[in-house]
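What follows is a single structure, written as structure tokens, with notes after it.
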Amino acid sequence: MVEPKYRRVVLKLSGEALAGSDGFGINPNVVREIAKELKEVYELGVEIAIVVGGGNIWRGQVGAEMGMERAAADSMGMLATVMNALALQDTLESLDVPTRVQTSVDMQKIAEPYIRRRAERHLEKGRIVIFAAGTGNPYFSTDTGAALRAAEINADVILMAKNNVDGVYSADPKLDANAVKYDELTHLDVISKGLQVMDATASSLSMDNDIPLVVFNLNVAGNIKRVVLGEHIGTTVKGK
């Protein structure tokens with residue numbers, strides 16, 4: 001059997017990934033397909049942590065643009081990520097994959113509070129851990145949450161699963177026919193070129209902690225497993 005390249009990973013899933021073609025809400029069939037792919041990776045013995053977004057339900061930035069106070073709008077976004085995390089947990093456990101949800105905002109009747117050493121212990125015991133509610137603070141994205149959790153649990157890599165985009169391009173390939181796909185970049189390249197991989201705070205945090213990033217298309221079946229096994233797909237971001 002081929003040995004995985006990465007032993008402990010943080011998978012960043014956007015909320016939109018759970019909506020599928022619906023564009024809004026949670027599509028049970030889409031969630032189940034993602035869960036099946038995660039089970040295949042789990043069965044390789046890989047320790048999996050997931051950071052999930054909430055854009056399929058609510059975006060704090062949109063609320064702020066509507067006139068809401070930003071902290072309140074972002075708090076609503078954190079709650080959206082918890083809903084997504086619980087949906088993903090339920091689907092994984094229906095496939096006999098042991099799972100824990102940890103939230104950055106205390107809501108102990110719904111999920112565990114985030115405790116770094118407890119999260120690491122869950123991973124060591126073969127449980128998938130889903131981190132919800134971002135960093136627990138307004139003004140910080142779930143991308144930053146993924147970079148922070150990856151640093152805290154000493155993950156080997158952050159896997160950035162994108163919808164219908166197979167890597168990082170010099171421009172939006174849907175709008176610019178001359179956009180060039182990058183196979184490899186440094187974190188500094190991402191920041192200096194203003195590439196829309198993750199926000200600048202998340203990129204800086206990943207760079208400072210020397211955490212590699214692989215950006216790939218989630219909508220191609222088997223891609224999560226291919227990345228974990230070391231197949232060169234998408235775009236790899238590493239180093240300074």
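Values for this structure:
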| item | result |
| --- | --- |
| Residue among 223, 219 that is modelled with pLDDT under 95 and either under 30 Å from residue 68 (Cα atoms) or polar (S, T, N, Q) (or both) | 219 |
| Wholly enclosed helices (runs of 4 or more DSSP H) of the range 165-232 bearing at least 3 residues small (Gly, Ala, Ser) and surrounded by 20 or more Cβ atoms within 10 Å (Cβ to Cβ) | 200-208 |
| Filter result for the condition that a residue is in a helix (DSSP H, G or I), free of Cβ contacts under 8 Å to residues at least 40 places away in the same chain and of a type in the set (Val, Ile, Thr), over 82, 105, 62, 101 | 62 |
| Any chance residue 8 is in contact (Cβ under 8 Å) with a residue 40 or more places away in the chain, farther than 18 Å from residue 142 by Cβ and under 14 Å from the mean Cα position of the chain (by Cα) | yes |
| The lone exception for residue 73 - which of (1) buried (at least 18 other Cβ atoms within 10 Å of the Cβ); (2) touching a helix residue (DSSP H, G or I) at 6+ places or on another chain (Cβ under 8 Å); (3) closer than 23 Å to residue 122 by Cβ it fails | (3) |
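The values are calculated or read from the model by the stated rules, or taken from the named source; none is laboratory data. All of these numbers come straight from a predicted model, not from anything done at the bench. All Cβ positions, glycine included, derive from the backbone under ideal geometry; neighbour counts span all protein chains shown.
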